Amino acid sequence: MKGLRVAGLTKSFGGVRAVDDASVTFQHGRINALIGPNGSGKTTFFNCVTGMVKPDAGIVTYHDRDITGRGAHKIAHEGIGRSFQLCRVFPRLTAVENLLAAVRPGSIVRALAPARLKSDVDRALELLTRVGIEHLADVEARDLSYGQQKLLELAGVLMADPETILLDEPAGGVNPALIERIGVLVRELNAEGRTFLIVEHNMDVVMSLSDHVVVFDRGRPIAEGPPDVVRADPLVLAAYLGG
Ligand code: ADP
(Lines give C-alpha, C1' and ligand atoms only; values in the text may rest on other atoms or scores of the structure.)
Protein backbone atom coordinates (compact mmCIF):
# COMPACT_ATOMS: atom_id res chain seq x y z
CA MET A 1 0.00 0.00 0.00
CA LYS A 2 1.32 3.47 -0.88
CA GLY A 3 1.16 5.69 2.15
CA LEU A 4 1.79 5.78 5.86
CA ARG A 5 0.39 3.03 8.03
CA VAL A 6 0.55 2.81 11.78
CA ALA A 7 -0.53 -0.25 13.74
CA GLY A 8 -0.82 -0.55 17.52
CA LEU A 9 1.33 2.51 18.14
CA THR A 10 1.84 3.18 21.84
CA LYS A 11 3.94 5.74 23.69
CA SER A 12 3.77 6.53 27.39
CA PHE A 13 5.40 9.26 29.40
CA GLY A 14 5.52 8.11 33.01
CA GLY A 15 1.96 7.06 33.73
CA VAL A 16 0.45 8.94 30.78
CA ARG A 17 -0.36 6.99 27.63
CA ALA A 18 0.08 9.79 25.13
CA VAL A 19 -0.55 7.43 22.20
CA ASP A 20 -2.51 4.33 23.12
CA ASP A 21 -2.63 1.41 20.68
CA ALA A 22 -3.34 3.69 17.71
CA SER A 23 -3.90 2.13 14.30
CA VAL A 24 -4.49 4.34 11.28
CA THR A 25 -3.64 4.57 7.59
CA PHE A 26 -2.93 7.73 5.63
CA GLN A 27 -3.24 7.08 1.92
CA HIS A 28 -0.69 8.49 -0.44
CA GLY A 29 -1.81 11.51 -2.45
CA ARG A 30 -4.26 12.96 0.05
CA ILE A 31 -4.35 16.02 2.23
CA ASN A 32 -5.02 14.33 5.57
CA ALA A 33 -5.87 16.22 8.73
CA LEU A 34 -5.28 14.95 12.25
CA ILE A 35 -7.49 16.71 14.78
CA GLY A 36 -8.50 16.18 18.40
CA PRO A 37 -8.68 17.93 21.75
CA ASN A 38 -5.53 19.21 23.46
CA GLY A 39 -3.56 16.37 24.98
CA SER A 40 -5.11 13.72 22.69
CA GLY A 41 -1.68 12.61 21.47
CA LYS A 42 -1.38 14.27 18.06
CA THR A 43 2.10 15.72 18.56
CA THR A 44 3.40 12.54 20.15
CA PHE A 45 2.01 10.62 17.17
CA PHE A 46 3.87 12.98 14.82
CA ASN A 47 7.03 12.60 16.86
CA CYS A 48 6.82 8.80 16.76
CA VAL A 49 6.25 8.77 12.99
CA THR A 50 9.10 11.18 12.27
CA GLY A 51 11.65 9.49 14.53
CA MET A 52 11.87 12.22 17.16
CA VAL A 53 10.44 9.87 19.78
CA LYS A 54 10.78 6.08 19.94
CA PRO A 55 7.43 4.32 20.35
CA ASP A 56 7.06 1.75 23.13
CA ALA A 57 5.11 -0.57 20.86
CA GLY A 58 3.57 -0.72 17.42
CA ILE A 59 4.68 -0.61 13.82
CA VAL A 60 5.06 2.30 11.42
CA THR A 61 5.32 1.48 7.73
CA TYR A 62 5.79 3.82 4.80
CA HIS A 63 5.00 2.41 1.37
CA ASP A 64 5.08 -0.97 3.11
CA ARG A 65 8.62 -0.43 4.43
CA ASP A 66 9.03 -0.78 8.18
CA ILE A 67 10.38 2.52 9.53
CA THR A 68 9.49 1.92 13.19
CA GLY A 69 11.93 3.49 15.64
CA ARG A 70 14.30 4.79 12.97
CA GLY A 71 16.08 8.05 13.65
CA ALA A 72 14.82 11.38 12.32
CA HIS A 73 17.53 11.61 9.63
CA LYS A 74 16.70 8.19 8.27
CA ILE A 75 13.00 8.95 8.17
CA ALA A 76 13.68 12.25 6.38
CA HIS A 77 15.72 10.22 3.92
CA GLU A 78 12.67 8.05 3.24
CA GLY A 79 10.95 11.17 1.92
CA ILE A 80 9.00 12.31 4.98
CA GLY A 81 9.45 15.96 6.01
CA ARG A 82 7.90 17.87 8.89
CA SER A 83 7.36 21.29 10.41
CA PHE A 84 6.98 22.07 14.10
CA GLN A 85 4.16 23.52 16.17
CA LEU A 86 6.47 26.26 17.38
CA CYS A 87 8.14 27.17 14.15
CA ARG A 88 11.83 26.23 14.07
CA VAL A 89 14.15 28.61 12.24
CA PHE A 90 17.62 29.96 13.03
CA PRO A 91 16.83 33.52 14.16
CA ARG A 92 20.20 35.05 13.33
CA LEU A 93 20.56 33.47 9.91
CA THR A 94 19.03 35.13 6.88
CA ALA A 95 16.13 33.46 5.10
CA VAL A 96 18.37 32.05 2.39
CA GLU A 97 20.96 30.89 4.95
CA ASN A 98 18.19 29.10 6.85
CA LEU A 99 17.37 27.10 3.74
CA LEU A 100 21.01 26.20 3.16
CA ALA A 101 21.22 25.04 6.78
CA ALA A 102 18.05 22.99 6.26
CA VAL A 103 19.73 20.80 3.64
CA ARG A 104 22.76 20.10 5.83
CA PRO A 105 21.25 19.68 9.27
CA GLY A 106 23.84 19.55 12.01
CA SER A 107 26.43 21.69 10.34
CA ILE A 108 25.61 25.33 9.83
CA VAL A 109 29.28 26.12 9.21
CA ARG A 110 29.48 23.59 6.40
CA ALA A 111 26.11 24.68 5.09
CA LEU A 112 27.27 28.26 4.74
CA ALA A 113 30.78 27.56 3.43
CA PRO A 114 31.72 29.62 0.36
CA ALA A 115 32.05 26.45 -1.65
CA ARG A 116 28.31 25.78 -1.31
CA LEU A 117 26.96 24.31 -4.44
CA LYS A 118 25.36 27.02 -6.51
CA SER A 119 22.49 24.63 -7.11
CA ASP A 120 21.55 24.75 -3.42
CA VAL A 121 21.49 28.55 -3.44
CA ASP A 122 19.45 28.54 -6.64
CA ARG A 123 17.03 26.07 -5.13
CA ALA A 124 16.77 28.13 -1.92
CA LEU A 125 15.91 31.26 -3.94
CA GLU A 126 13.44 29.31 -6.05
CA LEU A 127 11.67 28.04 -2.91
CA LEU A 128 11.61 31.47 -1.30
CA THR A 129 9.91 32.68 -4.48
CA ARG A 130 7.52 29.76 -4.30
CA VAL A 131 6.40 30.61 -0.77
CA GLY A 132 6.29 34.32 -1.65
CA ILE A 133 9.11 35.74 0.47
CA GLU A 134 11.93 36.05 -2.06
CA HIS A 135 12.15 39.79 -1.27
CA LEU A 136 13.17 38.78 2.26
CA ALA A 137 15.99 36.44 1.19
CA ASP A 138 18.69 38.46 2.96
CA VAL A 139 16.67 39.38 6.04
CA GLU A 140 17.47 37.59 9.30
CA ALA A 141 14.71 35.21 10.35
CA ARG A 142 14.22 37.04 13.66
CA ASP A 143 13.11 40.12 11.69
CA LEU A 144 10.37 38.22 9.82
CA SER A 145 6.79 38.11 11.05
CA TYR A 146 5.70 34.81 12.62
CA GLY A 147 3.70 33.93 9.50
CA GLN A 148 6.71 34.67 7.29
CA GLN A 149 8.83 32.46 9.56
CA LYS A 150 6.30 29.66 9.02
CA LEU A 151 6.57 30.13 5.26
CA LEU A 152 10.35 30.03 5.64
CA GLU A 153 10.11 26.83 7.66
CA LEU A 154 7.90 25.29 4.96
CA ALA A 155 10.46 26.29 2.31
CA GLY A 156 13.09 24.60 4.51
CA VAL A 157 11.03 21.41 4.60
CA LEU A 158 10.76 21.55 0.80
CA MET A 159 14.55 21.82 0.37
CA ALA A 160 14.76 18.07 0.95
CA ASP A 161 12.02 17.49 -1.66
CA PRO A 162 9.87 15.25 0.58
CA GLU A 163 6.96 13.40 -0.95
CA THR A 164 5.06 13.33 2.36
CA ILE A 165 4.88 16.41 4.54
CA LEU A 166 3.69 16.55 8.16
CA LEU A 167 2.69 20.03 9.28
CA ASP A 168 2.11 20.74 12.98
CA GLU A 169 -0.39 23.62 13.22
CA PRO A 170 0.56 25.51 10.06
CA ALA A 171 -2.13 28.16 10.68
CA GLY A 172 -1.40 28.67 14.40
CA GLY A 173 -0.51 32.29 15.18
CA VAL A 174 -0.63 33.26 11.51
CA ASN A 175 -2.68 36.15 10.10
CA PRO A 176 -5.60 35.36 7.73
CA ALA A 177 -3.78 36.51 4.57
CA LEU A 178 -0.85 34.20 5.24
CA ILE A 179 -3.16 31.35 6.28
CA GLU A 180 -4.73 31.72 2.85
CA ARG A 181 -1.31 31.62 1.18
CA ILE A 182 -0.28 28.52 3.14
CA GLY A 183 -3.55 26.85 2.07
CA VAL A 184 -2.92 27.65 -1.60
CA LEU A 185 0.62 26.31 -1.31
CA VAL A 186 -0.53 23.07 0.31
CA ARG A 187 -3.07 22.54 -2.46
CA GLU A 188 -0.49 23.22 -5.19
CA LEU A 189 2.07 20.94 -3.58
CA ASN A 190 -0.58 18.24 -3.23
CA ALA A 191 -1.57 18.61 -6.89
CA GLU A 192 2.11 17.95 -7.71
CA GLY A 193 1.86 14.63 -5.92
CA ARG A 194 2.87 15.40 -2.34
CA THR A 195 0.91 13.85 0.49
CA PHE A 196 0.09 15.91 3.57
CA LEU A 197 -0.67 15.08 7.17
CA ILE A 198 -1.70 18.20 9.01
CA VAL A 199 -2.38 18.76 12.70
CA GLU A 200 -4.48 21.88 12.91
CA HIS A 201 -6.83 23.52 15.39
CA ASN A 202 -8.34 26.00 12.98
CA MET A 203 -11.46 24.10 11.86
CA ASP A 204 -12.06 26.36 8.86
CA VAL A 205 -8.62 25.41 7.57
CA VAL A 206 -9.21 21.71 8.28
CA MET A 207 -12.61 21.69 6.61
CA SER A 208 -11.57 23.62 3.52
CA LEU A 209 -8.20 21.99 2.96
CA SER A 210 -8.37 18.31 3.81
CA ASP A 211 -9.66 15.31 1.86
CA HIS A 212 -9.63 13.04 4.87
CA VAL A 213 -9.85 13.75 8.59
CA VAL A 214 -8.73 11.50 11.43
CA VAL A 215 -9.92 12.43 14.92
CA PHE A 216 -7.82 11.52 17.94
CA ASP A 217 -9.08 11.27 21.48
CA ARG A 218 -7.09 9.91 24.41
CA GLY A 219 -4.26 8.67 22.25
CA ARG A 220 -6.09 6.91 19.46
CA PRO A 221 -8.37 7.52 16.48
CA ILE A 222 -12.08 7.60 17.31
CA ALA A 223 -13.41 8.64 13.89
CA GLU A 224 -12.26 9.25 10.35
CA GLY A 225 -13.67 10.20 6.99
CA PRO A 226 -14.38 13.18 4.76
CA PRO A 227 -14.43 16.50 6.69
CA ASP A 228 -18.20 17.09 6.54
CA VAL A 229 -18.96 13.54 7.76
CA VAL A 230 -16.47 13.69 10.62
CA ARG A 231 -17.71 17.09 11.69
CA ALA A 232 -21.21 15.69 12.29
CA ASP A 233 -20.05 12.54 14.12
CA PRO A 234 -21.51 12.45 17.67
CA LEU A 235 -18.34 10.77 19.02
CA VAL A 236 -16.30 13.66 17.72
CA LEU A 237 -18.61 16.27 19.19
CA ALA A 238 -18.50 14.44 22.53
CA ALA A 239 -14.68 14.31 22.48
CA TYR A 240 -14.48 18.06 21.93
CA LEU A 241 -17.01 18.72 24.65
CA GLY A 242 -14.92 16.61 27.02
CA GLY A 243 -17.37 13.70 27.01
P1 ADP B 1 -1.68 16.95 21.52
O2 ADP B 1 -0.62 17.21 20.49
O3 ADP B 1 -2.88 16.27 20.95
O4 ADP B 1 -2.04 18.18 22.31
P5 ADP B 1 0.42 15.56 23.01
O6 ADP B 1 0.94 14.46 22.16
O7 ADP B 1 1.21 16.83 23.06
O8 ADP B 1 -1.09 15.89 22.57
O9 ADP B 1 0.22 15.05 24.49
C10 ADP B 1 -0.48 13.87 24.83
C11 ADP B 1 -0.29 13.60 26.31
O12 ADP B 1 1.05 13.22 26.57
C13 ADP B 1 -0.57 14.80 27.21
O14 ADP B 1 -1.16 14.33 28.40
C15 ADP B 1 0.81 15.34 27.46
O16 ADP B 1 0.85 16.04 28.69
C17 ADP B 1 1.65 14.09 27.50
N18 ADP B 1 3.03 14.34 27.03
C19 ADP B 1 3.41 14.66 25.78
N20 ADP B 1 4.74 14.78 25.67
C21 ADP B 1 5.23 14.54 26.93
C22 ADP B 1 6.54 14.49 27.49
N23 ADP B 1 7.64 14.74 26.75
N24 ADP B 1 6.65 14.21 28.80
C25 ADP B 1 5.57 13.95 29.56
N26 ADP B 1 4.30 13.95 29.08
C27 ADP B 1 4.13 14.24 27.79
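Quick grid of which residues meet (1) assigned to a loop (DSSP other than H, G, I, E, B); (2) in contact with a Phe, Trp or Tyr (Cβ under 8 Å, 6 or more places away or on another chain):
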| position | (1), (2) |
| --- | --- |
| Val19 | no, yes |
| Ser23 | no, no |
| Asn32 | no, yes |
| Gly39 | yes, no |
| Thr43 | no, no |
| Cys48 | no, no |
| Gly51 | yes, no |
| Pro55 | yes, no |
| Val60 | no, no |
Scan of the range 32-41 for residues that are over 11 Å from the mean Cα position of the chain (by Cα), at negative phi and buried (at least 22 other Cβ atoms within 10 Å of the Cβ), ordered by number: Ile35, Ser40
Residue in the range 87-96 that is in contact with a strand residue (DSSP E or B) (Cβ under 8 Å, 6 or more places away or on another chain), surrounded by 16 or more Cβ atoms within 10 Å (Cβ to Cβ) and at positive phi present: no
Answer residue from the range 174-207, given it is in contact with a Lys or Arg (Cβ under 8 Å, 6 or more places away or on another chain) and not in a helix (DSSP H, G or I) and is farthest from Pro37 (Cα to Cα) among those: Thr195
Residue in the range 89-112 that is at pLDDT below 95 and within 16 Å of the ligand (Cβ to nearest atom) present: no
Every pair of residues 6+ apart whose Cβ atoms lie under 6 Å, when the first sits in the range 31-42 and is near the ligand (Cβ under 6 Å from one of its atoms) while the second is charged (D, E, K, R) and assigned to a strand (DSSP E or B): Gly36/Asp217; Ser40/Asp217
Residue match in the range 228-240 (condition: modelled with pLDDT of 95 or more, among the aromatic types (Phe, Trp, Tyr) and closer than 21 Å to Thr44 by Cβ): no
Hits in the range 197-243 - residues which are among the hydroxyl-bearing types (Ser, Thr, Tyr) and either within 20 Å of Thr50 (Cβ to Cβ) or crowded, with 22+ Cβ neighbours inside 10 Å (or both): Ser210
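The values are calculated or read from the model by the stated rules, or taken from the named source; none is laboratory data. Just so it is clear, the structure is predicted and the values come from calculations on it, not from any experiment. Backbone-built Cβ (ideal geometry, glycine too); neighbour counts: all protein chains shown.
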